[in-house]
Amino acid sequence: MERKEISKAVISRLPRYYRYLGELIEEGVERISSNELSSRMKVTASQIRQDLNNFGGFGQQGYGYNVKYLYSEIAKILGIDRQHNVIIIGAGNLGQAIANYTNFERRGFVIRGMFDINPKLIGLVIRGIEIRSVDDLETFIRENEIQIAALTIPKTKAPEIADRLVNAGIRAIWNFAHTDLVVPEDVVVENVHLSESLMRLSYRVSSMYDLQEEKKNALK
Ligand code: NAI
């Protein structure tokens with residue numbers, strides 16, 4: 001399929017479409033109109049049409065969307081129609097939690113190895129994945145065609161490890177360390193910060209609380 005520039009906002013919504021379409025497939029639904037999808041997803045039908053029209057030719061007037069086709073096209077766009085080899089740097093609490101989560105493999109993300117500096121961890125095996133010394137990082141990346149590295153190490157160590165990963169040929173970093181990494185333009189970084197998500201939640205719940213207080217005061 002021809003790749004045209006798709007806005008970041010649309011891309012950020014695709015995983016959610018993908019999840020709903022996957023559920024529809026499990027339910028045996030073969031096609032769905034934008035209106036039906038709209039009421040399921042609580043997104044306006046026009047937003048759905050606008051988003052999905054970006055890829056052209058998925059919807060047909062009066063027929064709706066072919067669920068399986070749309071599902072596989074979105075997978076292609078997201079690059080999850082193929083296998084990605086992943087490593088985890090930092091085999092502590094978070095690194096092990098990620099390694100123990102089996103669903104990433106269903107999406108094509110296969111965790112090939114874990115790395116740490118702690119001698120007590122090196123040699124342990126988590127769900128079939130061996131924890132290796134970080135000294136073996138470069139060789140392992142080259143020999144195992146690793147494309148993605150998850151960084152679950154302290155922020156002070158992250159820049160040095162990121163440089164090593166880039167030099168070894170890694171093109172994508174899934175960054176959990178609380179620092180902004182500086183990488184060349186052809187390397188992509190996706191930051192995941194649960195605490196930032198919590199702060200956004202806190203903001204929303206606080207504004208709701210303020211609103212309720214205001215209403216209460218107005219009634220007094
Ligand atoms: P942890 O202390 O359990 O694990 C960190 C591991 O990294 C340890 O096993 C340590 O030996 C290893 N390590 C340290 N330097 C290393 C190096 N140069 N190379 C390889 N391994 C190295 O900590 P935890 O709870 O797993 O958190 C890991 C990091 O992730 C922390 O920096 C934490 O702040 C961050 N974090 C981020 C979250 C997010 O949402 N982004 C959520 C939770 C933690």
Consider region 82-130. How many of its residues are out of contact with any helix residue (DSSP H, G or I) (no Cβ under 8 Å at 6 or more places or on another chain), of a type in the set (A, V, I, L, M, F, W, C), within 8 Å of the ligand (Cβ to nearest atom) and not in a helix (DSSP H, G or I)? 1
Return yes or no: is A75 assigned to a helix (DSSP H, G or I) and either of a type in the set (S, T, N, Q) or more than 12 Å from the ligand (Cβ to nearest atom) (or both)? yes
Which condition does M208 not pass, out of (1) surrounded by fewer than 19 Cβ atoms within 10 Å (Cβ to Cβ); (2) in contact with a Ser or Thr (Cβ under 9 Å, 6 or more places away or on another chain), if it passes all the others? (2)
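Limited to region 23-51, what total is found for residues that are of a type in the set (G, A, S) and over 16 Å from N66 (Cβ atoms)? Before you say what the answer is, go through the steps one by one.
Let us first name the residues in region 23-51 that are of a type in the set (G, A, S), namely 28, 33-34, 38-39, 45-46.
With over 16 Å from N66 (Cβ atoms) added as a condition, the list becomes 38-39, 45-46.
Total satisfying the criteria: 4.
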Sort through A150, A162 and tell me the only one that's aliphatic (A, V, I, L, M), under 17 Å from A99 (Cβ atoms), under 21 Å from the mean Cα position of the chain (by Cα) and not in a loop (DSSP other than H, G, I, E, B). A150
Inspect all residues belonging to region 99-110 and state whether any of them is among the polar types (S, T, N, Q), surrounded by fewer than 12 Cβ atoms within 10 Å (Cβ to Cβ), modelled with pLDDT under 95 and in the same structural domain as N144 (by the TED database). yes
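Within region 169-213, which residues are assigned to a loop (DSSP other than H, G, I, E, B), within 16 Å of the ligand (Cβ to nearest atom) and of a type in the set (A, V, I, L, M)? Steps first, answer last, please.
Let us first name the residues in region 169-213 that are assigned to a loop (DSSP other than H, G, I, E, B), namely 169-171, 176-187, 192-193.
From what's left, within 16 Å of the ligand (Cβ to nearest atom): 170, 176-181, 192-193.
Of everything in region 169-213, those that are assigned to a loop (DSSP other than H, G, I, E, B), within 16 Å of the ligand (Cβ to nearest atom) and of a type in the set (A, V, I, L, M) turn out to be I170, A177, L181, V192.
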Does T152 meet the test of being closer than 15 Å to I89 by Cα and away from the ligand (no atom under 11 Å from the Cβ)? no
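The values are calculated or read from the model by the stated rules, or taken from the named source; none is laboratory data. As the structure is a prediction and not an experimental result, all values here were calculated from the model. Backbone-built Cβ (ideal geometry, glycine too); neighbour counts: all protein chains shown.
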